[in-house]
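Asker: Sharing a structure below in structure tokens format, with a few things to ask.
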Amino acid sequence: MNIILLGPPGAGKGTQAGHLVEARDMIQLSTGDMLRAAKTSGTEMGKRVAEVMDRGELVTDEIVIGLIREKLEGDKKGGFIFDGFPRTLAQADALDALLKEFGEKLDAVIEMQVDDEVLVGRIVNRAKEAVAAGGTARADDNEESLKIRLMEYYKKTSPLIGYYHAKGDLKSIDGLASIEEVQGSIAAILG
């Protein structure tokens with residue numbers, strides 16, 4: 001089973017992907033994690049990623065697609081969870097082509113719907129809780145950074161909602177429900 005978790009930053013995609021990894025033996029493909037791992041891997045692709053990141057530039061779609069390709073060539077376990085990818089319509093088209101090439105398909109695109117104001121409160125609270133517990137907050141866990149990240153999401157990624165709806169792949173759930181309720185909604189969609 002191959003799925004995309006779609007939603008703005010802080011919607012809980014990573015949390016839900018973690019549950020799916022445990023419950024269904026799926027592989028979470030988080031592009032941020034993949035880029036950081038590739039940078040230190042010593043592979044040819046990793047060297048390309050390191051060069052781009054060391055120059056402070058954004059990694060190209062071609063490189064991200066190459067990393068996804070490497071993962072699709074490996075062990076598929078219970079399928080893939082695409083978390084943070086695709087981010088644009090061009091990446092969605094590239095993912096479709098890659099899946100076809102490997103004889104795979106998307107089984108569901110799950111949109112985690114959230115209210116922006118509640119989301120901002122959630123992120124600010126997450127930062128406070130991390131500090132109160134003796135840890136450190138993520139650098140981008142503040143209202144200003146989140147608003148910038150949300151603007152990027154609405155400009156570049158939210159068009160995917162219409163794209164996948166038109167293809168009949170989109171299922172929307174309440175991303176602000178409790179973690180357990182969101183898990184249950186996702187389980188109901190995946191069967």
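Asker: Would it be correct to say that Leu119 is open to solvent by less than 80 Å² (accessible area, probe 1.4 Å) and touching a Phe, Trp or Tyr at 6+ places or on another chain (Cβ under 6 Å)?
Answerer: On the way: open to solvent by less than 80 Å² (accessible area, probe 1.4 Å): yes; touching a Phe, Trp or Tyr at 6+ places or on another chain (Cβ under 6 Å): no.
The answer is no for Leu119.
Asker: Of all residues in the stretch 59-69, count the ones that are exposed (fewer than 14 other Cβ atoms within 10 Å of the Cβ) and not polar (S, T, N, Q).
Answerer: Final tally of qualifying residues: 1.
Asker: Residues to consider are Gly84, Gly56, Gly134, Gly168; find the one that is open to solvent by 40 Å² or more (accessible area, probe 1.4 Å), at pLDDT below 85 and on the phi > 0 side of the Ramachandran plot.
Answerer: Gly56
Asker: Quick test for you: out of Arg149, Arg122, Arg138, pick the one residue that is within 18 Å of Arg87 (Cβ to Cβ) and within 20 Å of the chain's Cα centre (by Cα).
Answerer: Going through Arg149, Arg122, Arg138 in turn, the sole match is Arg149.
Asker: Condition first: more than 11 Å from Pro9 (Cβ to Cβ) and open to solvent by 40 Å² or more (accessible area, probe 1.4 Å). Now tell me which residues in the stretch 122-131 satisfy that.
Answerer: Within the stretch 122-131, Val124, Asn125, Arg126, Lys128, Glu129, Val131 meet the criteria.
Asker: Mind checking which residues of the stretch 20-38 are open to solvent by less than 80 Å² (accessible area, probe 1.4 Å), assigned to a helix (DSSP H, G or I) and not hydrophobic (A, V, I, L, M, F, W, C)?
Answerer: Correct list: Arg24, Thr31, Gly32.
Asker: To continue, here is another question. In the stretch 96-118, which residues are without any contact (Cβ under 8 Å) to a residue 60 or more places away in the chain and of a type outside the set (Phe, Trp, Tyr)?
Answerer: Hits for the stretch 96-118 are Asp96, Ala97, Leu98, Lys100, Glu101, Gly103, Glu117, Val118.
Asker: Within the stretch 77-106, take every residue that is in contact with an Asp or Glu (Cβ under 8 Å, 6 or more places away or on another chain) and in a loop (DSSP other than H, G, I, E, B) and give me the one that is farthest from Ser185 (Cα to Cα).
Answerer: Result: Phe102.
Asker: I would also like to ask the following. If you go through the stretch 55-68 one residue at a time, do you hit one that is without any contact (Cβ under 8 Å) to a residue 60 or more places away in the chain and touching an Asp or Glu at 6+ places or on another chain (Cβ under 8 Å)?
Answerer: no
Asker: Looking at the stretch 40-61, which of its residues are part of a helix (DSSP H, G or I) and either more than 21 Å from Pro86 (Cβ to Cβ) or small (Gly, Ala, Ser) (or both)?
Answerer: Glu44, Gly46, Lys47, Ala50, Glu51, Asp54
Asker: Exactly one condition in (1) on the phi < 0 side of the Ramachandran plot; (2) not in a helix (DSSP H, G or I) is not met by Gly162; state its number.
Answerer: It fails just one condition, (2).
Asker: Quick check on my filter: what residues within the stretch 147-186 are closer than 14 Å to Ile110 by Cβ, of a type in the set (A, V, I, L, M, F, W, C) and touching a Ser or Thr at 6+ places or on another chain (Cβ under 9 Å)?
Answerer: Leu160, Ile161, Ile173, Ala177, Val182 - these are the residues of the stretch 147-186 that are closer than 14 Å to Ile110 by Cβ, of a type in the set (A, V, I, L, M, F, W, C) and touching a Ser or Thr at 6+ places or on another chain (Cβ under 9 Å).
Asker: In the stretch 95-110, how many residues are open to solvent by 20 Å² or more (accessible area, probe 1.4 Å) and either within 16 Å of the chain's Cα centre (by Cα) or charged (D, E, K, R) (or both)?
Answerer: Selection size over the stretch 95-110: 7.
Asker: Looking at the structure I just gave you, is Met45 open to solvent by less than 60 Å² (accessible area, probe 1.4 Å) and more than 24 Å from Ile179 (Cβ to Cβ)?
Answerer: Criteria met by Met45.
Asker: Looking only at residues in the stretch 137-151 that are open to solvent by 70 Å² or more (accessible area, probe 1.4 Å) and not basic (Lys, Arg), which one is modelled with the highest pLDDT?
Answerer: Restricting to residues being open to solvent by 70 Å² or more (accessible area, probe 1.4 Å) and not basic (Lys, Arg), the top hit is Met151.
The values are calculated or read from the model by the stated rules, or taken from the named source; none is laboratory data. This is a predicted model, so every value here is computed, not measured. FYI the Cβ positions are ideal-geometry reconstructions off the backbone, even for glycines, and counts take in every protein chain you see. Surface accessibility is based on the protein's heavy atoms, side chains included, excluding ligands, DNA and RNA. Shrake-Rupley method; radii C 1.70, N 1.55, O 1.52, S 1.80 Å.
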